[in-house]
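Trainee: The structure that follows is given in the form of structure tokens.
The values are calculated or read from the model by the stated rules, or taken from the named source; none is laboratory data. Values in this document were obtained by computation on a predicted structure and should not be read as measured data. Neighbour counts run over all protein chains shown; Cβ positions are idealised from the backbone, glycine included.
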2 protein chains.
Amino acid sequence: MQSDKYDKSKRFDKLKESKKIARKRPTINDVAQLANVSTATVSRCLSKPELVRPDVRTRVEASVVELGYVLDGAAKTLKTHQSKTIGVIVPTLEIGGYASAIQAFEKTVAAEKYTAILGVSDFDADKELQLAHNLAEKGVDGIMLIGMDSDDRLISFLEKVHIPHVNSWHFRRDSKYHWVGFDNRAAIQAITSYVFQHGHRDVVFFVGGAEHANARTELRRQGFMDAISDYNLEFSEGLIFEVPYNSKASQLEFHRLWSLGNRPTAVICANDILAIGVLRACKQIGLRVPDDISVTGFDGLDIMADLWAPITTMAVPAKQIGEESGNCLLNLLTDKNPKTLTELHCTLIEGGSVKSLI
Amino acid sequence: MQSDKYDKSKRFDKLKESKKIARKRPTINDVAQLANVSTATVSRCLSKPELVRPDVRTRVEASVVELGYVLDGAAKTLKTHQSKTIGVIVPTLEIGGYASAIQAFEKTVAAEKYTAILGVSDFDADKELQLAHNLAEKGVDGIMLIGMDSDDRLISFLEKVHIPHVNSWHFRRDSKYHWVGFDNRAAIQAITSYVFQHGHRDVVFFVGGAEHANARTELRRQGFMDAISDYNLEFSEGLIFEVPYNSKASQLEFHRLWSLGNRPTAVICANDILAIGVLRACKQIGLRVPDDISVTGFDGLDIMADLWAPITTMAVPAKQIGEESGNCLLNLLTDKNPKTLTELHCTLIEGGSVKSLI
DNA sequence: AGTTTTGATGTAATCGATTACATTTTTTAG
DNA sequence: CTAAAAAATGTAATCGATTACATCAAAACT
């Protein structure tokens, strides 16, 4: 094996030199030397202090402080194959619910000394895949996926590299993977039924997605149709309006619809942002809510109660999702076997924006 | 140096064994073997592909795909002392502006292949310090601090371990560190003056903080006082109400104030959340806005225009802060010398919630 | 053809921790 | 007081990349 064709002497000289010159952060060796113990003892002081004699421990700790020693996580990770790090992939932080979920997630895993690494996918499946690859290189111990029904490529990649993951926000019943969330379809069905119960029959459905349609959008459409068929009403594609996820877009869409003579008695929106846009259009047109038209949202933003017409909406358990996803992943990481499906529930918040026609 | 007191043979046996058993991810060695090149060549293919002959490169790339090789970032970081990772410390994600700033920041640094590591400090200086220590261990190349006027301990820690950082949101003029943000004091002064210009003289100031007062809160108080003295009005501590950062708290506070017979003509709020709470209280009391009382917010939430009384507010350049902080840090990391202070500006958004008394 | 230059590839030390096992020290038991 | 057991500490291989330098190959000059 050993080959003699290289002359190593020169390199050594150079290396020694640079060692003298470069100002580096102190290493475990420096601490060991100062405290007059071996590196093993220092390492133990840091990770399993109960294994080292109190007086030695004190000496080591003093050296750590004196040198301002900070452990090199890269070296530790390399040796232990554990980074104490969890990746979070989210479509956007601009959706308040996602931000809340992440915050709750971070808090949950931080309690077990895990750090969150953030990736924003912008609803782009390719970017999402790339983020996952990046996170894998960073050595994350697990990954949390929020609010997207992820690409199969992504899931199979995670399987291949053995990174445990949790899907969150909504869920799929028929999956072998771990999900934490609510039943999107049922929740939309519920709020739609609520509108029907109030006697509305001429309703339209605004759903975000146009640009980045995904399974979630699809589930929402289905929830709407479920309610329609529950009430034996007639469904037509024309009742569904796909709108980009922002209030301006839904505002314009409602104007367009209204100007074409489409005059529903109620507008059901698949999220609060769209509802806000509709509300703006109503104000401009001069429609009173709910007297002239009923409007519902979905997400449960606090703010919905403070609009010029308080809007009935469905509160999504964002914080819970974050916590439960965190717990689920923590269990996965300690080989406990968490439930495959953690179902959480939405709550209808009546704002009074649905007029009773009966 | 070499000591003979250890018998190494047993250990080797054990190690070889475990190697056979353990299912590991493929390493650069495996790729090298399969492609029939040295590890050096594989490494070059991955980081400087132009240095390797196309045919070899193709062979290596094929091996990478075949084995499903994922580079071990920990090993790379250990050797290169670069993690391509940036820490972000934020008090909370529940404040929409912070989330926007982080998102913009992430996008900016991601373009240069940096990944963001998130830490939520909950307005707690100790937790913040601990987060910084954690991030240092993780080996972040830089740190972005949002929305807090950070502890001196934090800053000196970062100096000691040589981690470049950017402070953001508001700024301090007299600092040798890097700041990206707006002039908090001046912005509050501006919106307060706006209210005075409309003839109001009997105003109160709601400022968030009570629980976690910091320099930022202090600057806002000062901005308010600046405007007062500009208009030669008389200042009293009783004009300032410190309220926890949530709408419920400010709602209650306004009720309390009103019931005590304090009847200002305008309420200036240091953030939109507080303004929303005040608005709720007004509605409950039966006060019309702005006819009976004027209210202003601060932050520029889109939603302020859709409340039952559209609120005048000051838009904060959150996205810009994220982008510019990102650029600043990127420059810092490449030894370019960015400006110490990047001043951004707020924009007054007139919602009509300030009645003209003249 | 021989020499120099340029380009591509290989060798193996190195980064800074952890940890199995060896060794030494201390405690406990007899 | 000694032997055995338990506790504390030390040694040095190891994790998986990178990269300085050496070497070899091919192209560009004389």
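Trainee: For region A:46-53, check the following and say yes or no: at least one residue is in contact with a helix residue (DSSP H, G or I) (Cβ under 9 Å, 6 or more places away or on another chain) and touching a residue at least 40 places away in the same chain (Cβ under 8 Å).
Mentor: No: zero hits.
Trainee: Another question, then. Select from region B:298-330 the residues that are in contact with a Pro (Cβ under 8 Å, 6 or more places away or on another chain) and of a type in the set (A, V, I, L, M) and write down the one among them that is surrounded by the most Cβ atoms within 10 Å (Cβ to Cβ).
Mentor: Going through the qualifying residues, I end up with B:Leu329.
Trainee: Checking B:Val64 against (1) modelled with pLDDT under 95; (2) more than 30 Å from B:Ile143 (Cα to Cα), which single condition isn't satisfied?
Mentor: (1)
Trainee: Of the residues A:Met144, A:Met148, which single one is aliphatic (A, V, I, L, M), within 14 Å of another protein chain (Cβ to nearest Cβ) and within 30 Å of A:Thr313 (Cα to Cα)?
Mentor: A:Met144
Trainee: Give me the residue from region B:155-170 that is within 29 Å of B:Phe298 (Cβ to Cβ) and in contact with a Leu (Cβ under 6 Å, 6 or more places away or on another chain) and, out of that set, farthest from the other protein chains (Cβ to nearest Cβ).
Mentor: Out of the qualifying residues, it is B:Asn167.
Trainee: It is to be established whether one or more residues within region B:208-215 are buried (at least 23 other Cβ atoms within 10 Å of the Cβ), under 27 Å from the mean Cα position of the chain (by Cα) and not acidic (Asp, Glu).
Mentor: Yes, that holds for at least one residue.
Trainee: Now, a different point. Which one of A:Asp141, A:Asp152, A:Asp124 is in the same structural domain as A:Ile89 (by TED's automatic domain parsing), modelled with pLDDT under 95 and more than 16 Å from the chain's Cα centre (by Cα)?
Mentor: A:Asp152
Trainee: Is at least one residue of region B:90-102 within 16 Å of DNA strand C (Cβ to nearest atom), in contact with a Ser or Thr (Cβ under 6 Å, 6 or more places away or on another chain) and either outside any helix (DSSP H, G or I) or in contact (Cβ under 8 Å) with a residue 60 or more places away in the chain (or both)?
Mentor: no
Trainee: Continuing with this model, one more query. Any residue in region B:270-287 that is farther than 17 Å from B:Val204 by Cα and in a loop (DSSP other than H, G, I, E, B)?
Mentor: Yes.
Trainee: Based on this model, can you work out whether A:Val70 counts as closer than 30 Å to A:Asp151 by Cα and either more than 16 Å from DNA strand D (Cβ to nearest atom) or not aromatic (Phe, Trp, Tyr) (or both)?
Mentor: The answer is no for A:Val70.
Trainee: Out of all the residues in region A:119-163, which are of a type in the set (D, E, K, R) and on the phi > 0 side of the Ramachandran plot?
Mentor: Matches in region A:119-163: A:Asp122 only.
Trainee: Take region A:333-358 and flag every residue that is part of a loop (DSSP other than H, G, I, E, B) and among the acidic types (Asp, Glu).
Mentor: Residues satisfying the conditions are A:Asp335, A:Glu350.
This table checks each residue for (1) within 13 Å of DNA strand D (Cβ to nearest atom); (2) of a type outside the set (Phe, Trp, Tyr); (3) at pLDDT 95 or above.
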{"site": "B:Asp4", "(1), (2), (3)": "yes, yes, no"}
{"site": "B:Lys14", "(1), (2), (3)": "yes, yes, no"}
{"site": "B:Arg23", "(1), (2), (3)": "yes, yes, no"}
{"site": "B:Thr58", "(1), (2), (3)": "no, yes, no"}
{"site": "B:Ala75", "(1), (2), (3)": "yes, yes, yes"}
{"site": "B:Ser83", "(1), (2), (3)": "yes, yes, yes"}
{"site": "B:Gly97", "(1), (2), (3)": "no, yes, no"}
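Trainee: Further, regarding this structure: So for region A:253-266 (the condition being part of a loop (DSSP other than H, G, I, E, B) and under 29 Å from A:Ile146 (Cα atoms)), does at least one residue qualify?
Mentor: no
Trainee: Further question: Output the number of residues of region B:79-115 satisfying the condition of being aliphatic (A, V, I, L, M) and facing chain A (nearest Cβ under 7 Å).
Mentor: 3
Trainee: Name the helices (runs of 4 or more DSSP H) wholly within region A:28-73 that hold at least 3 residues that are more than 8 Å from DNA strand C (Cβ to nearest atom)?
Mentor: Where helices (runs of 4 or more DSSP H) fall fully within region A:28-73 and carry at least 3 residues being more than 8 Å from DNA strand C (Cβ to nearest atom), they are A:28-35, A:54-67.
Trainee: Here are some conditions: (1) out of contact with any Phe, Trp or Tyr (no Cβ under 6 Å at 6 or more places or on another chain); (2) closer than 30 Å to B:Ser247 by Cα. A:Trp258 meets all but one. Which one does it not meet?
Mentor: Evaluating A:Trp258 over (1) out of contact with any Phe, Trp or Tyr (no Cβ under 6 Å at 6 or more places or on another chain); (2) closer than 30 Å to B:Ser247 by Cα leaves (2) as the failure.
Trainee: Looking only at region B:315-333, which residues are more than 11 Å from the chain's Cα centre (by Cα) and of a type in the set (S, T, N, Q)?
Mentor: Result: B:Gln320, B:Asn327, B:Asn331.
Trainee: Whether any residue in region A:243-250 is part of a loop (DSSP other than H, G, I, E, B) and away from every other protein chain (no Cβ under 14 Å) is what I want to check.
Mentor: yes
Trainee: Could you tell me whether region A:278-297 includes any residue that is away from every other protein chain (no Cβ under 14 Å), hydroxyl-bearing (Ser, Thr, Tyr) and either surrounded by 18 or more Cβ atoms within 10 Å (Cβ to Cβ) or over 21 Å from A:Ile349 (Cα atoms) (or both)?
Mentor: yes
Trainee: Now a separate question. When region B:303-332 is examined, which residues are found to be modelled with pLDDT under 95 and assigned to a helix (DSSP H, G or I)?
Mentor: B:Ile303, B:Met304, B:Ala305, B:Asp306
Trainee: Sticking with this one: Kindly establish whether B:Arg288 is assigned by TED's automatic domain parsing to the domain that holds B:Thr192, of a type outside the set (A, V, I, L, M), out of contact with any strand residue (DSSP E or B) (no Cβ under 9 Å at 6 or more places or on another chain) and in contact (Cβ under 8 Å) with a residue 24 or more places away in the chain.
Mentor: Against the criterion (assigned by TED's automatic domain parsing to the domain that holds B:Thr192, of a type outside the set (A, V, I, L, M), out of contact with any strand residue (DSSP E or B) (no Cβ under 9 Å at 6 or more places or on another chain) and in contact (Cβ under 8 Å) with a residue 24 or more places away in the chain), B:Arg288 does not qualify.
Trainee: State all residues of region B:56-91 that are farther than 27 Å from B:Gly322 by Cβ and touching a Gly at 6+ places or on another chain (Cβ under 6 Å); if no residue qualifies, say none.
Mentor: Across region B:56-91, the qualifying residue is only B:Ala74.
Trainee: Pick from B:Lys76, B:Lys48, B:Lys127: which is basic (Lys, Arg), facing chain A (nearest Cβ under 10 Å) and either surrounded by 21 or more Cβ atoms within 10 Å (Cβ to Cβ) or under 30 Å from A:Ser156 (Cα atoms) (or both)?
Mentor: B:Lys76
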